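Following: one structure in structure tokens, then a few remarks.
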Amino acid sequence: MPLILSLENITKRFGYRCILNDITLKIETGEFITLIGNNGAGKSTLLRIISTLSKPTNGKITFYGKSKKESILEWRQKIGIISHENRLYGDLSSADNLRVFGTLYGVKDIDINTDQVLRKTDLIHVAQMPVSNFSSGMIKRLMIARLMLCKPKILILDEPFAGLDQNSMQWFENYLTAFHQHGGTVLMVTHQLDLGLKLANRVLVLHQQRIKHDNLASELSIEKCVDWLDNNGI
């Protein structure tokens, strides 16, 4: 399959503190990758670099075989992100937030599509409520609605199931399954190991600032992953 992302010898430092060290990673179109690791392993930092929200200290990044400088705009247009930062406008309603992002991404029939994704994420009843009044679960569902509206080709997800109730988790699991089956590419950080293994075809373990393991999900069990994490990635 076509290579969409290549990281070569990526290092990230904050002052004297090394967060990522010599990370080399290739991702092909249509892969679903679950990234696991203990707290502080650098998972979120790695996702921020891949999302172009943070610059590495050293190393080389290519998107679609082209340098980051040449392809960054194309990459940003194709990715959808769920991170610990919701990047929503608290003083705007959920509907207005979606219209803003939909306009930026050139979504057609924006009012119709906004209503559709709010219904699918069970937020239509709060379409005109300011987002500052939302619970954490509602915020997460609105972030998912934003993904659906903008229809990215690549999802970069940092703990996307956190804050969701059981019904929302099942619905979002179905969404991710369908997204992947239709050729979408996913890179997901999650502590939900059962879902991580179930959805992914590839699992990475980040430990001591490096990728310690890179395995097919079909070769792994929850017990094996827990053992790796309990033994600090060994």
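The values are calculated or read from the model by the stated rules, or taken from the named source; none is laboratory data. Quick caveat: nothing in here was measured; it's all calculated off a predicted structure. A quick note on method: Cβ atoms are made from the backbone with ideal geometry, for glycine too, and the neighbour counts reach across all protein chains shown. We work out accessible area using only protein heavy atoms, side chains counted, and drop any ligands, DNA or RNA first. Shrake-Rupley method; radii C 1.70, N 1.55, O 1.52, S 1.80 Å.
Results, tabulated for the structure shown:
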quantity: Alpha-carbon centroids, the range 172-218 and the range 66-116: separation in whole Å; calculated: 23
quantity: Per-residue SASA entry for Arg99, accessible area with 1.4 Å probe, Å² rounded to 10; calculated: 70
quantity: Longest to shortest principal axis, alpha-carbon extents of the chain, angstrom; calculated: 49, 41, 37
quantity: Most fluctuating residue given options Gly90, Gly137, Gly15, as computed from a GNM of the chain linking Cα atoms under 10 Å; calculated: Gly15
quantity: Förster radius 25 Å - calculated FRET efficiency between Ile72 and Ile112 (Cβ-Cβ, nearest 0.05); calculated: 0.20
quantity: Within the range 1-82, chymotrypsin sites (Phe, Trp or Tyr not before Pro) in DSSP loop having at most 10 other beta-carbon neighbours inside 10 Å; calculated: Tyr16
quantity: Inter-label distance for Met1 and Asn21, nm, one decimal - labels placed 7 Å from Cα along Cα-to-Cβ; calculated: 3.2
quantity: Ranking by accessible area, most exposed first, for Lys120, Lys108 with a 1.4 Å probe; calculated: Lys108, Lys120
quantity: Nearest-10 value in Å² for the accessible area of Thr103, using the 1.4 Å probe; calculated: 100
quantity: Listed residues Met143, Met188, Met169, most fluctuating in the chain (Gaussian network, C-alpha, under 10 Å); calculated: Met169
quantity: Computed [θ] at 222 nm, deg cm²/dmol, the chain (DSSP H ≥ 4; -39,500 (n - 2.57); rounded to nearest 500); calculated: -11500 deg cm²/dmol
quantity: Measure of compaction for the range 103-234 (Cα Rg per 2.2 N^0.38 Å); calculated: 1.21
quantity: Cα-projected label distance for Lys151 with Met129, points at 7 Å along beta-carbon direction, nm; calculated: 2.9
quantity: Förster-model FRET efficiency, 22 Å R0, Tyr105 and Glu85, C-beta, rounded to 0.05; calculated: 0.75
quantity: Gyration tensor over alpha-carbon atoms, the range 147-216, equivalent ellipsoid semi-axes in Å; calculated: 21, 15, 12
quantity: Residues of the range 8-27 with amide N under 18 Å of a point placed 7 Å along Cα→Cβ from Asn58; calculated: 8-25
quantity: Point-charge dipole on Cβ atoms (K/R +1, D/E -1) for the range 101-188, about Cα centre, debye to 20; calculated: 200
quantity: GNM top mover of Leu220, Leu47, Leu197 - the chain, alpha-carbon springs below 10 Å; calculated: Leu220
